[in-house]
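Accompanying notes for the structure given below.
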Amino acid sequence: MGLSKTIWTNPTEYLRVQQPENPVLFFAPTVVQAAARRFIDGFPGMVTYAVKSNPTEEVIDNLAAAGVRGYDCASAFEIDLIRRLAPDAAIHYNNPVRARHEIAHAVARGVKSYSVDSKSELAKLIELVPAEGTEISVRFKLPVAGAAYNFGAKFGATEDVAVELLKTVAEAGFIPSLTFHPGTQCTDPHAWESYIREAAEIARKAGVTIARLNVGGGFPNHRLHGVAPQLEETFALIDRVATEAFGADRPLLVCEPGRALCGDAFTLAARVKALRDDTHVFLNDGVYGSLNELPLIGVIDRMDVLAPNGDRRVGEAHPRIVFGPTCDSVDRLPGDIALPADVAEGDFVIVHGMGAYSVVTNSRFNGFGELGLATVLSLRV
């Protein structure tokens with residue numbers, strides 16, 4: 001996959017002229033920069049980008065240009081990527097489990113912020129990371145609903161363990177902080193409230209004044225027509241509850257959005273390979289490709305269908321079973337997908353809001369998965 005050097009007006013123009021046989025992701029730099037400014041202007045603290053959601057260089061370059069100065073990295077690869085593209089940026093190494101060689105790599109690259117959720121991993125950090133000027137954030141979890149899936153199933157300490165860890169961090173001479181992740185695609189602003197109040201309780205029980213509270217990712221992008229992200233409401237709630245919960249000891253706030261920054265800056269065009277007996281639609285992209293995430297958190301219903309000449313299909317919506325291109329029955333989009341009744345072989349199915357976890361999870365299973373990338377001024381079709 002390589003970025004097209006031509007800047008197109010919109011996806012329709014590209015598709016009409018190029019007639020691509022492989023799926024294409026369209027990137028609008030103006031959209032990712034606008035998303036960054038929305039966070040920088042609205043969130044009451046430091047904005048960092050979760051690199052894992054879309055680590056393409058064009059995304060990082062545009063976020064840096066828009067003013068993002070911090071990046072949440074989960075691997076040595078991501079650390080090196082940010083040191084190359086944004087060398088002066090702050091790096092938060094917030095994958096709570098690391099091999100010793102990965103910790104050494106981070107130290108050598110000047111990383112000064114880590115997260116932890118277990119005694120064994122904290123012992124590694126204390127052994128290998130210089131304490132002076134280095135932050136360790138204890139990650140905790142709660143059984144809070146409202147997200148597409150639960151990050152606490154893999155990461156996060158319980159309250160009792162978090163209290164003990166926070167005490168140890170402070171006693172070892174590190175900068176003590178707390179962090180949490182409310183879960184992906186949180187459309188309810190109140191998902192953050194319980195976590196913030198629990199953070200204050202953990203700090204109180206530990207007897208530690210924390211320097212920063214990282215309220216995680218979870219901020220949504222626009223996936224469903226009827227569910228618009230309530231970012232400003234979420235920012236206001238986080239600001240208010242942090243003051244209520246911590247009072248005079250209110251810590252500095254940090255967030256680490258991924259999909260909320262990059263998600264709406266990309267639109268996917270997948271082509272209809274076949275319409276089998278007017279029942280099953282086969283696309284040239286699927287769950288082994290850039291649509292990998294849909295079975296996990298649900299279908300994006302912000303779709304359009306274009307004929308090869310660029311005209312929009314306007315037939316009455318009709319539920320279809322939609323398969324990807326591989327010779328594997330798992331390669332199916334969840335549920336039935338409402339597509340125009342006049343959809344035909346060779347048409348382009350346009351899926352909006354596809355910037356997060358699409359490029360990075362795309363495989364080459366069965367030899368499929370070649371993905372084009374084109375820059376456009378607008379994502380409107």
Fill in: Contacts under 6 angstrom Cβ, first residue in the stretch 58-77 being more than 24 Å from Glu102 (Cβ to Cβ), partner basic (Lys, Arg) and in a helix (DSSP H, G or I), 6 or more apart
Ala66/Arg37
Discussion item. Here's a check for you: in the stretch 268-282, which residue that is closer than 28 Å to Ser378 by Cα and among the hydrophobic types (A, V, I, L, M, F, W, C) is surrounded by the fewest Cβ atoms within 10 Å (Cβ to Cβ)?
Written reply: Phe282
Discussion item. Looking at Arg259, Arg250 in this structure, which one is free of Cβ contacts under 8 Å to residues at least 24 places away in the same chain and either hydrophobic (A, V, I, L, M, F, W, C) or touching a strand residue (DSSP E or B) at 6+ places or on another chain (Cβ under 9 Å) (or both)?
Written reply: Arg250
Fill in: Of all residues in the stretch 190-215 being out of contact with any Cys (no Cβ under 8 Å at 6 or more places or on another chain) and in a loop (DSSP other than H, G, I, E, B), the one that is surrounded by the most Cβ atoms within 10 Å (Cβ to Cβ)
Ile210
Worksheet item: Do we find that Tyr71 is touching a His at 6+ places or on another chain (Cβ under 8 Å), buried (at least 22 other Cβ atoms within 10 Å of the Cβ) and outside any helix (DSSP H, G or I) in this structure?
Response: yes
Worksheet item: Can you name every residue in the stretch 97-125 that is in a loop (DSSP other than H, G, I, E, B) and either over 22 Å from Pro257 (Cα atoms) or touching a residue at least 60 places away in the same chain (Cβ under 8 Å) (or both)?
Response: Ala99, Arg109, Gly110, Ser118
Worksheet item: When Asp61 is evaluated against the numbered criteria (1) in a helix (DSSP H, G or I); (2) crowded, with 19+ Cβ neighbours inside 10 Å, which criterion, by number, is the only one it fails?
Response: (2)
Worksheet entry | Selected residue [farther than 13 Å from Gly289 by Cα, surrounded by 15 or more Cβ atoms within 10 Å (Cβ to Cβ) and at pLDDT 95 or above] from Asp347, Asp331 | Asp347
Worksheet item: What residue, of Arg84, Arg37, is part of a helix (DSSP H, G or I), free of Cβ contacts under 8 Å to residues at least 12 places away in the same chain and closer than 30 Å to Gly133 by Cα?
Response: Arg84
Item to complete: Considering every residue within the stretch 92-111, establish whether at least one is crowded, with 20+ Cβ neighbours inside 10 Å, closer than 19 Å to Leu63 by Cα and under 24 Å from the mean Cα position of the chain (by Cα).
Response: yes
Discussion item. Exactly one condition in (1) in a helix (DSSP H, G or I); (2) in contact (Cβ under 8 Å) with a residue 40 or more places away in the chain; (3) in the same structural domain as Val360 (by TED's automatic domain parsing) is false for Val17; which is it?
Written reply: (2)
Discussion item. I need a count of the residues in the stretch 40-59 that are more than 19 Å from Leu85 (Cβ to Cβ) and aromatic (Phe, Trp, Tyr).
Written reply: 1
Worksheet item: Do we have any residue at all in the stretch 247-255 that's crowded, with 24+ Cβ neighbours inside 10 Å, modelled with pLDDT of 95 or more and not small (Gly, Ala, Ser)?
Response: yes
Practice prompt. Would you mind finding the one in Asp304, Asp285 that is buried (at least 18 other Cβ atoms within 10 Å of the Cβ), modelled with pLDDT of 95 or more, at negative phi and part of a loop (DSSP other than H, G, I, E, B)?
Written response: Asp285
Discussion item. Restricting to the stretch 174-191, give me the number of residues that are among the β-branched types (Val, Ile, Thr) and within 24 Å of Arg223 (Cα to Cα).
Written reply: 2
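Give the stretch 174-189 a look and list any residue that's among the polar types (S, T, N, Q) and part of a loop (DSSP other than H, G, I, E, B), or say none.
Thr184, Gln185, Thr187
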Worksheet item: Only one residue in Thr209, Thr187 is touching a residue at least 12 places away in the same chain (Cβ under 8 Å), β-branched (Val, Ile, Thr) and more than 16 Å from Val138 (Cβ to Cβ). Which one?
Response: Thr187
Worksheet item: Got at least one residue in the stretch 279-288 being in contact with a Gly (Cβ under 8 Å, 6 or more places away or on another chain), of a type in the set (Gly, Ala, Ser) and within 20 Å of Ser137 (Cα to Cα)?
Response: no
Worksheet item: So which residues in the stretch 40-56 are in contact (Cβ under 8 Å) with a residue 40 or more places away in the chain and either part of a loop (DSSP other than H, G, I, E, B) or more than 13 Å from the chain's Cα centre (by Cα) (or both), if there are any at all?
Response: Gly42, Phe43, Pro44, Gly45, Met46, Val47, Asn54, Pro55, Thr56
Worksheet, complete the sentence: All-but-one check, Glu232 against (1) at pLDDT below 90; (2) outside any loop (DSSP other than H, G, I, E, B), failing number (1)
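The values are calculated or read from the model by the stated rules, or taken from the named source; none is laboratory data. Everything numeric in this text was worked out from a predicted model, so none of it was measured. Cβ atoms come from the backbone with ideal geometry, glycine included; neighbour counts cover every protein chain shown.
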